[in-house]
Amino acid sequence: MTRVSIPVLVTVMLLMFGGVAEAHKLKVFATATGAAIEGYAYFGTGGRARQSEVTVASPDGTVLGKTTTDDEGNFRYDATRRVDHVITVDGRDGHVASYTVAADELPQTLASGGDAAAAKPSAERTGAPIAAAPAASRTGEDADLKAFIDRSIARQIRPLREQIDAYQEKIRLHDVLGGLGYILGLGGLAFGLAQRRKRAGTGASDVTRGAQ
Amino acid sequence: MAHIPDGVLSAPVLIAGAAVSLAGCGYALRRLDEERIPEVAILAAVFFVASLVHFPVGPTSVHLILNGLTGILLGWAAFPAIAVALLLQAVLFGFGGLVVLGVNIMNMAIPAVLCCYLFQAVAGNGANRQRVLWGAGLAGGLGVLLTAIMVAAVLTLSGREFFAAAKLVVVAHVPVALIEAAFSVAVIGLLSRVKPSLLGFQA
């Protein structure tokens, strides 16, 4: 009876989460809209991480700024440099997650890396020295238009990116079954090895006892 | 949280946790009677799946751990069972990191072993059903709370403020502890009636 009831218990628990559960894990999502990096911290199970510390750092570990999430788990940080921003959220209870906003997402008008490079992008954009004044102003208009298109596209694809990000952490039934299979296999292996050792020890030849 | 991710703890804590878990697993495997291997595998499976049953508590979210129940039924053998289950949870679900695996095993398996001794002390020889059920409830609930306290302790040793971490982790786990206490009472109550030998009682 008990031999049956424990597997039944496992099955009931499997059914309890409906076969598709989400990971219990803190996650961060962020995108840049213009120079503002906006995002939120959430749990794979659906809740938001409220009042958690947010640290913004460059890839080399220099802390660029700190903020906290609000009551909806949202945060906002105004980028001042065009570098990759590594955003780390710390739930203080051992939950930590980070997300990187690539430099490409930030507007080109921001200084990239060091301050000396501040003027470089505009110099590149005006291009050849022979460019006449009207051409330069058109380039300015083009830049505005491009920035507008970038912002608009970023806004449009944001829900998709959020969905993909959340989807990556979904646990599917085959993950669970795979894990159970590993445990079963390891148990069988241990049992078989123990039996072989026992047989070798006693010199008995009772082969059928090993099979279950 | 019970499953600590990578990059939170300091190196000495990681090394100590790995050493404790290795020693615990080694000792448990040495003691393990081969007849009990299927039992260990089944409880490893239960433990593995239990972490998927989760519910939101306040600003965070928690899930079942079931280390108390695992401990009651397995004693020292809870170490290898929890080690295998946690490894698979880390690899397949992303619960907890791989580098901190040793600490996570320690945090869940030590309370499990303590709960086994507690259960045996309270339940005695299993003749008194009331005492068996009380033992199951106490061990089931304490397993979770001890784990929460150990998580807070390792976070502190890695340079976090103990009180803040302890408050967050322990408070979030009180509901889990209550649920697991009730669950352990139900499971042990059933087992003590239909299969007392699993609990080490005379039939």
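The values are calculated or read from the model by the stated rules, or taken from the named source; none is laboratory data. This is a predicted model, so every value here is computed, not measured. Here the Cβ positions follow ideal geometry from the backbone for every residue, glycine too, while neighbour counts run over all protein chains shown. For accessibility, only protein heavy atoms count, side chains too; no ligands or nucleic acids. Shrake-Rupley method; radii C 1.70, N 1.55, O 1.52, S 1.80 Å.
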Amide H contacts of A:ASP84 (H built 1.01 Å from N, under 5 Å, at least 5 apart or other chain): A:ALA103
Principal-axis tilt of helix B:162-194 within chain B, Cα atoms, nearest 10 degrees: 20
Mind checking the angle between helix B:37-50 and chain B's longest principal axis? C-alpha axes, 0 to 90 degrees, to the nearest 10. 50
Over chain B, calculate the relative contact order: mean separation of alpha carbon pairs under 8 Å at least 6 apart, over the residue count, as a percent. 26
To the nearest 100 Å², how much accessible surface do chains B and A cover up together, summed over both, with a 1.4 Å probe? 3700
Cα centroids of region A:154-201 and region B:103-181: how far apart, whole angstrom? 26
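With +1 assigned to the C-beta of every Lys and Arg and -1 to the C-beta of every Asp and Glu, and no other charges, what is the dipole magnitude of region B:11-199 about the Cα centre in debye, to the nearest 20?
Once rounded to the nearest 20, the dipole reads 280 debye.
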Which residues' amide hydrogens lie under 5 Å from the amide hydrogen of B:GLY97, considering only partners 5 or more residues apart or on another chain, with H built in the peptide plane? B:ILE4, B:ASP6
Can you grab the distance from the C-alpha centre of region A:50-72 to the C-alpha centre of region B:1-22, Å, no decimals? 24
Rounded accessible area per residue of chain B, 1.4 Å, Å²: 39
Determine the share of region B:11-199's accessible area contributed by carbon and sulfur atoms, expressed in whole percent, with a 1.4 angstrom probe. 72
What value in Å³ per residue do you get for the convex hull of the alpha-carbon atoms in region B:98-140? 53
Filtered hits (aspartates and glutamates, Cα-Cα < 12 Å from A:LYS198, offset >= 8 within chain) -> A:ASP206, B:ASP33, B:GLU34, B:GLU35
Any idea what the alpha-carbon Rg over 2.2 N^0.38 Å comes to for region B:1-94? 1.16
For chain B: rounded, prolate or oblate by the Cα gyration tensor [a/c cutoff 1.5]: prolate
